[in-house]
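Report on one structure; see the data block that follows.
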Amino acid sequence: MAKLYFRYGAMGSSKTANAIMVWYNYRERGKNAILLKPAVDTRNGARKVWSRCGLEAECIWLDELDMDKVRAHEYDCLIIDEAQFMTKEQVDNLVTIVDTLDVPVICYGLRTDFKGDFFPGSHWLLARADTIEEVKTICWCGRKATNNARLDGKGGVTREGEQVVLGANDKYIGLCRKHWMLGDPGPGLRAGECTEE
């Protein structure tokens, strides 16, 4: 029986690398898995997922998914990166795919934004997913990173601004709750400190 999976983690937890590895494993076993992402994520090429560790793969927009191919069971698994950007309607469509077509769907994304609020996709995945798993990473202090901080470009973090501002290491960092609450991005990123030797 197929399931809807939500695998979430803070920035830098290798969510995209995991998504690409799962996609690769399906294909290595002769299965037809497809990588998808919401159209809002235009980083690194429109139809590409890219991990900070250097893994990359072609994908399609979630809205371009050919439902006739899904209904014909041409896909053994749907793998979605940046799932936090999905809408409630998109999550509900995935539930229908899992429940009526028996096709597993694995979603990777952030749980919360830089303010600590749920993204729409994450909110509905937490409500609807059959299996919820955390992809772990650590804060600069060594504790588990559970929060996403937006860097302010001046050595600190900010809680001001739009929910969605695309970026990676240049804009965001995963922090433990303590350092997120303190707004402390860690040595090398604090105001007046340099990361170069």
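The values are calculated or read from the model by the stated rules, or taken from the named source; none is laboratory data. All of these numbers come straight from a predicted model, not from anything done at the bench. Here the Cβ is made from the backbone with ideal geometry for all residues, glycine too, and neighbour counts use every protein chain on show. Note: accessible area is taken over every heavy atom of the protein model, side chains too, but ligands, DNA and RNA are not part of it. Shrake-Rupley method; radii C 1.70, N 1.55, O 1.52, S 1.80 Å.
Among strands (runs of 3 or more DSSP E) entirely within the range 131-197, having at least 3 residues that are among the aliphatic types (A, V, I, L, M), at pLDDT 75 or above and open to solvent by 50 Å² or more (accessible area, probe 1.4 Å) singles out no element at all. Filtering the range 34-56 to residues that are surrounded by 19 or more Cβ atoms within 10 Å (Cβ to Cβ) and either among the aliphatic types (A, V, I, L, M) or modelled with pLDDT of 95 or more (or both) leaves I34, L35, L36, V49.
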